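The values are calculated or read from the model by the stated rules, or taken from the named source; none is laboratory data. Just so it is clear, the structure is predicted and the values come from calculations on it, not from any experiment. All Cβ positions, even for glycine, are placed from backbone atoms using ideal geometry, and neighbour counts span all protein chains on display. All accessible areas refer to the heavy atoms of the entire protein, side chains included, with ligands and DNA or RNA removed. Shrake-Rupley method; radii C 1.70, N 1.55, O 1.52, S 1.80 Å.
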Amino acid sequence: AASLEQLDGSAAAFYRTTLSLAALFGVVLFALQAAAARGLRARLGLLSSHIAALREGQLDQDLPDDPHRDEIGELHRVLQQTTAKLRAARAAQERLLADAAHELRTPLGLMRTSVDLALRRERPKEELVAAMEEVRSEVVRLGALCQQLLDRFALEQADWAWAQVKLFQVATAAAQSARAEAETRSVLIEVEGSPDVTTSGHEP
């Protein structure tokens, strides 16, 4: 009986120790999970607030780096790259608008002056025709400026890669695009050269 009582006491002590360790392990595990959940919620909250700022057009705030290498960290880095690209695109649009306002102001002013002078008093047909021809030349100039601005914007937005480019094909394509304007100015454009000459260049 004494031997069994001692064995029961040892078993009860073992159970109490095991339950205490299990409870302590559960508390530690719960604390670690709570800390991880708070960190995860903070990271997701940062991404959510940044996306909300992007939705409102606020591109000036940079997203801080995330040292983690999990899925959220990968999403974090993708948002950083997207923000940088959106900021660059908006800067390009602002430059395009500024250039357009600067370049188009002069021909528009000349057109308005020509029209105002033509309408100020009765003029013979020849003077009206000359005024309309001047306005038309300014309209052609405006079209060329708009095309240059659009080409510039397209060049800034394109992703370029190095490749072997045939100079004869590039020159031929440029001549064809300018042939209509050249004909209005009585200019003939011809391209001469070897079609096999190549060089390294960028292509979209």
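Here are some notes:
- Among the residues examined, Leu167 does not qualify as modelled with pLDDT of 80 or more, farther than 30 Å from His102 by Cβ and surrounded by fewer than 14 Cβ atoms within 10 Å (Cβ to Cβ).
- Only residues that are over 19 Å from Glu94 (Cβ atoms), within 22 Å of the chain's Cα centre (by Cα) and open to solvent by 100 Å² or more (accessible area, probe 1.4 Å) were counted in the range 57-73, giving 1.
- Tabulated pairs, the range 130-150, first farther than 20 Å from Arg95 by Cα, second polar (S, T, N, Q) and open to solvent by less than 40 Å² (accessible area, probe 1.4 Å), C-beta under 6 angstrom, 6+ apart or interchain: Ala131/Ser114; Glu134/Ser114; Val135/Ser114
- The sole residue among Arg121, Arg95 that is open to solvent by 90 Å² or more (accessible area, probe 1.4 Å), at pLDDT 75 or above, under 31 Å from the mean Cα position of the chain (by Cα) and not aliphatic (A, V, I, L, M) is Arg95.
- Against the numbered list (1) assigned to a helix (DSSP H, G or I); (2) modelled with pLDDT under 85, Pro64 comes up short only at (1).
- Whenever a residue of the range 172-197 is on the phi > 0 side of the Ramachandran plot, its partners that are at pLDDT 80 or above, lying with C-beta atoms within less than 8 angstrom and at least six residues away or across chains, give the pairs Gly193/Leu167; Gly193/Phe168; Gly193/Ala171.
- In the set (1) farther than 29 Å from Leu150 by Cα; (2) in contact with a helix residue (DSSP H, G or I) (Cβ under 8 Å, 6 or more places away or on another chain), the condition left unmet by Asp70 is number (2).
- Filter result (surrounded by 11 or more Cβ atoms within 10 Å (Cβ to Cβ) and either within 23 Å of Glu138 (Cα to Cα) or among the aromatic types (Phe, Trp, Tyr) (or both)) within the range 185-201: Ile189
- Filtering the range 27-56 to residues that are within 29 Å of Ala91 (Cα to Cα), open to solvent by less than 90 Å² (accessible area, probe 1.4 Å) and not basic (Lys, Arg) leaves Leu44, Gly45, Leu46, Leu47, Ser48, Ser49, His50, Ile51, Ala52, Ala53, Leu54.
- Ser20 vs. criteria open to solvent by less than 100 Å² (accessible area, probe 1.4 Å), more than 23 Å from Lys85 (Cβ to Cβ), in a helix (DSSP H, G or I) and not charged (D, E, K, R): yes
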